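Written out below as structure tokens is the structure these notes cover.
The values are calculated or read from the model by the stated rules, or taken from the named source; none is laboratory data. Predicted model, so just to flag it, every value in this text is computed and none were measured. Cβ coordinates were reconstructed from backbone atoms using ideal geometry, including for glycine residues, and neighbour counts include every protein chain displayed. Protein only, heavy atoms only, side chains kept; ligands, DNA and RNA dropped before computing areas. Shrake-Rupley method; radii C 1.70, N 1.55, O 1.52, S 1.80 Å.
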Amino acid sequence: MIVTVHQPAYIPWLGYFEKIMRSDVYVFLDSVQYESRSFINRNKIKTPSGAIWLSIPVKSKGHRDSSMLDTQINNELMWKEDHLKSIYLNYKRAPRFEECYTKLEQLYKNDYELLADLCYDHLLFWLNELGVQKKIVRSRELNIHSKKSDLILDINKSLQASQYISGALGKGYLEEEKFKAENIEIIYQDYKHPVYPQLWGEFIPYMSIIDFWMNTDDVSIIDGGTQNGLV
């Protein structure tokens with residue numbers, strides 16, 4: 001049983017999806033504290049002038065002390081219209097624009113109060129577009145209240161994991177000996193970003209899934225069709 005865990009993310013980058021594709025179960029970590037200036041509520045798209053951020057505004061009062069489950073979107077701002085306009089202007093020349101943009105218009109018609117709920121439903125949309133079928137568990141459903149490395153360990157134990165795929169930053173906080181004691185192997189992601197056809201000159205990696213999706217439908221290059229990216 002291969003498990004991976006990640007916080008919610010808005011229009012994630014390719015490495016986010018590669019972890020899911022390598023796993024049997026993906027845990028959507030929506031029961032932890034919201035982190036400002038992270039990729040939870042924002043990501044980048046490419047423009048003729050380089051990369052720009054698309055950010056979902058959140059209600060700032062109290063969010064530093066609240067969990068993702070309580071983080072509210074500030075829908076008083078016209079962020080959905082702004083994001084769609086930015087995507088339209090910068091990808092209208094993309095090879096797959098016509099078939100893709102109408103799907104985005106439908107997706108963005110949905111209204112959400114909570115950021116985690118939006119990220120979860122959008123994730124299901126992206127996985128469907130990529131043809132990826134995996135078991136997804138929201139961490140709030142597991143009723144686990146430990147912290148940091150112990151939280152990840154307890155999630156893996158609850159799912160009877162034999163392997164855990166961690167992001168590279170996990171090397172800084174995972175207590176590996178505790179995982180070994182539970183016979184859970186940690187595999188650290190070392191993602192080699194693929195190059196794909198892209199608008200606006202020299203290739204820029206680490207853009208949101210929108211950039212990949214608009215330009216190519218070759219999903220196999222996300223993970224290289226091999227075990228590339230895991231060490």
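Which percent, nearest 5, of DSSP beta bridges in the chain are antiparallel?
Values: 10 of 25 bridges.
Expressed as a percentage, antiparallel bridges in the chain total about 40.
So what is the 222 nm mean residue ellipticity for the chain from helices alone, if each DSSP H run of at least 4 adds -39500 (n - 2.57) and you divide by all residues, rounding to the nearest 500 deg cm²/dmol?
Details: 8 runs with 77 residues, N = 231.
Only helices count here, giving -9500 deg cm²/dmol.
Just to be sure I understand the model, the point goes 7 Å from the Cα along the line to the Cβ. What's the resulting Asp217 to Lys109 distance in nm?
Rounded to a tenth, the inter-label distance reads 2.2 nm.
If you roll a 1.4 angstrom probe over the protein chains with everything in place, what fraction of the accessible area of the range 79-231 belongs to carbon and sulfur, to the nearest %?
Values: 3930 of 8270 Å².
It is 47 percent, rounded to a whole number.
At 7 Å along the Cα-to-beta-carbon direction for both Ile2 and Tyr173, put a label point, then send me their distance in nm to one decimal.
2.4 nm
Evaluate E = 1/(1 + (r/R0)^6) for Asp70 and Glu202, where r is the Cβ-Cβ distance and R0 equals 30 Å; express this FRET efficiency to the nearest 0.05.
Working: r = 41 Å, r/R0 = 1.38.
The calculated FRET efficiency here is 0.15.
So between Ser38 and Ser146, what do we pick up on full extension, going 0.36 nm a residue minus the alpha carbon distance?
Values: separation 108, 0.36 × 108 = 38.88 nm, distance 2.20 nm.
Answer, rounded to one decimal: 36.7 nm.
In angstroms, what radius of gyration and Dmax does the range 21-93 have, counting Cα atoms only?
So, for the range 21-93, Rg and Dmax equal 15.1, 43 Å respectively.
Among the DSSP beta bridges whose two residues both lie in the range 1-125, what percent are antiparallel, rounded to the nearest 5?
Working: 9 of 13 bridges.
Close to 70 percent.
Treat the chain as a sphere of radius equal to its Kirkwood radius over Cα pairs and apply Stokes-Einstein at 10 °C in a medium of 1.306 mPa s; give the translational diffusion coefficient in µm²/s, rounded to a whole number.
Working: Rh = 18.6 Å.
For the chosen part, D equals 86 µm²/s.
Counting only heavy atoms of protein chains, what accessible area per residue, in Å², does the chain have with a probe of 1.4 Å? Write out the running numbers ahead of the final one.
Numbers: 11610 Å² over 231 residues.
Value returned for the chain: 50 Å² of accessible area per residue.
Taking 0.36 nm per residue of sequence separation and subtracting the Cα-Cα distance, how much length would be gained by fully extending the chain between Ser158 and Leu89, in nm to one decimal?
Numbers: separation 69, 0.36 × 69 = 24.84 nm, distance 4.56 nm.
Gain on stretching Ser158 to Leu89: 20.3 nm.
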